[in-house]
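A short worksheet on the structure shown next.
The values are calculated or read from the model by the stated rules, or taken from the named source; none is laboratory data. From a predicted model like this one, the values you see are computed outputs, not experimental measurements. Here the Cβ positions follow ideal geometry from the backbone for every residue, glycine too, while neighbour counts run over all protein chains shown. These area figures cover heavy atoms from the full protein model, side chains too; ligands, DNA and RNA do not enter into them. Shrake-Rupley method; radii C 1.70, N 1.55, O 1.52, S 1.80 Å.
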Amino acid sequence: MSEESRGGGRRAAADRRPQKPAKRKALAIAAWSAVGVVLLGGAGLGWFYFKINGNLKTVDIDQALGADRPQNVNNGSMDILVLGSDSRAGANGEYGRDDGGSARSDTAMIVHLYEGHKKATVVSIPRDTIVNRPSCTTSNGKTDRGSSRSQFNESFTIGGAACAVKTVEKMSGIRMDHYIEVDFTGFKKIIDNLGGVEVTTTKPIKDDGSHLNLPAGTNRLNGEQALGLVRTRKSVGDGSDLGRIQLQQAFIKALIKQVKSIGIFDNPKRLLDLADTGTKALTTDKSLGDVKSLMGFAQSLQGIDAQNMHMITLPVAPDRYDPNRVAPLAKESKMVWDALLAEQSVPAEATANSAGDKGQAGDIVR
């Protein structure tokens, strides 16, 4: 059976959440902040509740994709596609030539929350992975026929969130219960409102492309520096997207530790600032498009710590036709998807031969 047709099984989101129920890296921050806003709203800050509600942008994935999706299965787990949006339009223009608002995404992660939501596996997909892109509806309402050899991030550029979700579902056989997108500028502001994030580097990092210049040792990164770190590519590892992914994964763990340690809910001003900034930075699927639903989703994430979050990169190797691109390792990738479908941990052998988990940059940031 092909990977595209393996769909067997996902579960209905509504069935799995006892309460109705975001990163690029800001997923948990925005969600946890929303929880506090809802609680405070009941104590006389209802006006702020409505303000935060109005910040959220949504995409109706269910309507866009219809029935052409893997089956829902009620088993208590949850899968979320998290994208980092980096259009160079508007405030993001300082990071490259203004593209007029064209959809771009250099960061893609599938977050699988196991039943009970006490642990998670995060699978990063390199942006230049060669995939079979399905037919999608473009932003102007036309139909793109798809391609048997397309770079992964082209799905988002061509058909936005719905096409990105459809591509992930076709390649994995896993239905995405939620979609969360975070943009450049919002990410910076979230980190600044959080008071920065502390990371330790084993060597200096200087990257002209991402405007980052960090000495070796412990550094508290502000928003601009944090964004530079997760965008750094050419100065780490072999200069490919694989090294950048490892930096991103290390930063996410540092970010989770920071959120857990500072007591956000004990500081009302910080909480409200984070909630306002975080929700402005987010685009979600329609079912998460209000603060009440986001609150329920946030509550389902609170039991997950950095130590019980397993982060891997989709098993890949250099593409046989284009050495500047990578292609999924068929057997190993299937092992990853099968493990998640079966609610099991991803076996070590799935990533043992992958170019994405060879320690190119993973030992630089701790």
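Out of all the residues in the stretch 147-181, which are open to solvent by 30 Å² or more (accessible area, probe 1.4 Å) and not charged (D, E, K, R)? Those that are open to solvent by 30 Å² or more (accessible area, probe 1.4 Å) and not charged (D, E, K, R): Ser147, Ser148, Gln151, Thr157, Ile158. Of the residues that make up the stretch 54-62, is at least one part of a loop (DSSP other than H, G, I, E, B), open to solvent by 40 Å² or more (accessible area, probe 1.4 Å) and modelled with pLDDT of 85 or more? Among the residues of the stretch 54-62, at least one is part of a loop (DSSP other than H, G, I, E, B), open to solvent by 40 Å² or more (accessible area, probe 1.4 Å) and modelled with pLDDT of 85 or more, which makes the answer yes. Scanning for something open to solvent by 10 Å² or more (accessible area, probe 1.4 Å) and under 22 Å from Glu224 (Cβ atoms), does the stretch 118-126 turn up at least one residue? Within the stretch 118-126, none of the residues are open to solvent by 10 Å² or more (accessible area, probe 1.4 Å) and under 22 Å from Glu224 (Cβ atoms).
Residues of the stretch 209-223 that are closer than 18 Å to Ser235 by Cα, of a type outside the set (Gly, Ala, Ser) and surrounded by fewer than 14 Cβ atoms within 10 Å (Cβ to Cβ): Asn213, Pro215. Within the stretch 315-329, does at least one residue satisfy the condition of being assigned to a helix (DSSP H, G or I) and either open to solvent by 30 Å² or more (accessible area, probe 1.4 Å) or not basic (Lys, Arg) (or both)? Within the stretch 315-329, none of the residues are assigned to a helix (DSSP H, G or I) and either open to solvent by 30 Å² or more (accessible area, probe 1.4 Å) or not basic (Lys, Arg) (or both). Selection of strands (runs of 3 or more DSSP E) fully inside the stretch 150-244 by the criterion of at least 2 residues being polar (S, T, N, Q) returns 197-201, 217-221.
Kindly indicate whether Lys234 is over 15 Å from the mean Cα position of the chain (by Cα) and open to solvent by 10 Å² or more (accessible area, probe 1.4 Å).
So Lys234 fits the description; yes.
Considering (1) under 22 Å from the mean Cα position of the chain (by Cα); (2) over 17 Å from Val111 (Cα atoms), the lone condition that Gly173 does not fulfil carries the number (2). Does Asp305 meet the test of being more than 27 Å from Phe152 (Cα to Cα), of a type outside the set (A, V, I, L, M) and open to solvent by 10 Å² or more (accessible area, probe 1.4 Å)? In short, yes.
If you scan the stretch 349-366, which residues turn out to be exposed (fewer than 13 other Cβ atoms within 10 Å of the Cβ) and either more than 18 Å from Asn308 (Cα to Cα) or at pLDDT 95 or above (or both)? Answer for the stretch 349-366, where residues must be exposed (fewer than 13 other Cβ atoms within 10 Å of the Cβ) and either more than 18 Å from Asn308 (Cα to Cα) or at pLDDT 95 or above (or both): Glu349, Ala352, Gly359, Asp363.
For the stretch 172-215, filtering for residues that are within 30 Å of Leu341 (Cα to Cα) and of a type outside the set (A, V, I, L, M) leaves 8.
Among the conditions (1) modelled with pLDDT of 50 or more; (2) out of contact with any Phe, Trp or Tyr (no Cβ under 9 Å at 6 or more places or on another chain); (3) not hydrophobic (A, V, I, L, M, F, W, C), Asp86 misses just one, which is (2). Among the residues here, Asn140 qualifies as at pLDDT below 95, over 15 Å from Pro328 (Cα atoms) and open to solvent by 50 Å² or more (accessible area, probe 1.4 Å).
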